[in-house]
Amino acid sequence: MVIVLIIVLSFWVISLFGIDTPGSNRRPVPTDVPPAAAVAPPAIDVHGPGRTSDLLAEWAEPIAEDTNMDPQAVRAYGNAALIAAEAWPGCNLQWNTLAGIGWVETRHGTYTGKLFDAAELDANGVVVPPIVGPALDGTQGFARILDTDNGHFDNDTEFDRAVGPMQFIPESWNRFGRDANGDGYADPQQIDDAALGAANLLCSGGRDLSTAEDWQSAILGYNHSNDYLARVRDAAANYALRQAALR
């Protein structure tokens, strides 16, 4: 039995947000699976107090500039990858895989599903306004998933909805969500927490993401779509080349 852990909404994927800097010299994107690893974040104390991703600010800033990402998103993905390396050392998760998913899902917490109603990460890494997808009511090609959280995360007591920058459904967040910003609460709308929750999901089942089979299995666990897999792969590969994702 296939259990859909994450509902990825195809309408959230639009090319408008992939426009690169005019005149930039882009390098060809390899189609290797798994994609090449991006430059690794430096070692930090991931057990320290507060928001440990802030310790990656110096590393993340130039990467963010080159890739057109919010620096907070880069820090969150790097922080989650460092935590994963300690918690699940056999997983071999690279931060640019998380970034590839974040790009395809919500453009790193900036796309709400409404073209003229963009979101942003506030100073605490929380998406404003919160990103909440359509009701998963079985219509318009969506799965039918009845409410599992009494509306706690998605404000819907009838059906579940995908929430936050990494688009977790409440049932999956309850299983995989983790606190990564040190406030004691696992919040799917907070980019550090969401990135670590995604890392937890990807590494579940003892996967080794350095292998093609397990990397593909992990991504397809987010959305069982070959097109989705290709988009995440291409975005992650672009970030390994330190250039913006385009689709």
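Summary of computed values
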quantity: Cβ-Cβ under 6 Å pairs, at least 6 apart or on other chains, the range 222-233 side of a type in the set (V, I, T), far side surrounded by 14 or more Cβ atoms within 10 Å (Cβ to Cβ); calculated: V232/G100; V232/I101; V232/V104; V232/I219
quantity: Qualifying residue in the range 137-155 (condition: under 15 Å from the mean Cα position of the chain (by Cα) and in a loop (DSSP other than H, G, I, E, B)); calculated: no
quantity: Only one of D208, D234 that is modelled with pLDDT of 95 or more and either part of a helix (DSSP H, G or I) or in contact with a strand residue (DSSP E or B) (Cβ under 9 Å, 6 or more places away or on another chain) (or both); calculated: D234
quantity: Residue in the range 177-185 that is in a helix (DSSP H, G or I), of a type in the set (D, E, K, R) and at pLDDT 95 or above present; calculated: no
quantity: Pairs where the first residue, in the range 34-59, is in contact (Cβ under 8 Å) with a residue 40 or more places away in the chain and the second is of a type in the set (S, T, Y), C-beta under 8 Å, 6+ apart; calculated: P34/T97; P34/S210; P34/T211; P35/T97; A38/Y239; V46/T52
quantity: Residue count, the range 94-116 (criterion: touching a residue at least 12 places away in the same chain (Cβ under 8 Å), of a type outside the set (A, V, I, L, M, F, W, C) and over 11 Å from Q167 (Cβ atoms)); calculated: 8
quantity: Positions within the range 107-118 being modelled with pLDDT of 95 or more, buried (at least 21 other Cβ atoms within 10 Å of the Cβ) and over 8 Å from the mean Cα position of the chain (by Cα), in sequence order; calculated: R107, G109
quantity: Residue tally, condition under 15 Å from the mean Cα position of the chain (by Cα) and surrounded by fewer than 22 Cβ atoms within 10 Å (Cβ to Cβ), over the range 232-246; calculated: 1
quantity: Residues of the range 134-160 satisfying the condition of being touching a residue at least 40 places away in the same chain (Cβ under 8 Å) and farther than 19 Å from G221 by Cα; calculated: P134
quantity: Yes/no for I83 being aliphatic (A, V, I, L, M), surrounded by fewer than 24 Cβ atoms within 10 Å (Cβ to Cβ), over 25 Å from A245 (Cβ atoms) and in contact (Cβ under 8 Å) with a residue 60 or more places away in the chain; calculated: no
quantity: From the options L209, L220, L201, L196, residue that is more than 23 Å from F153 (Cβ to Cβ) and crowded, with 20+ Cβ neighbours inside 10 Å; calculated: L209
quantity: Residue selected from the range 161-182 under the condition in contact (Cβ under 8 Å) with a residue 60 or more places away in the chain and more than 23 Å from G205 (Cα to Cα), by the criterion surrounded by the fewest Cβ atoms within 10 Å (Cβ to Cβ); calculated: G182
quantity: Meets criteria (of a type in the set (K, R), part of a helix (DSSP H, G or I) and over 20 Å from Y111 (Cα atoms)) for R242; calculated: no
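The values are calculated or read from the model by the stated rules, or taken from the named source; none is laboratory data. Please read these numbers as outputs of a predicted model, since none were measured by experiment. Glycine also receives a Cβ, built like all others from the backbone with ideal geometry; neighbour counts cover every protein chain displayed.
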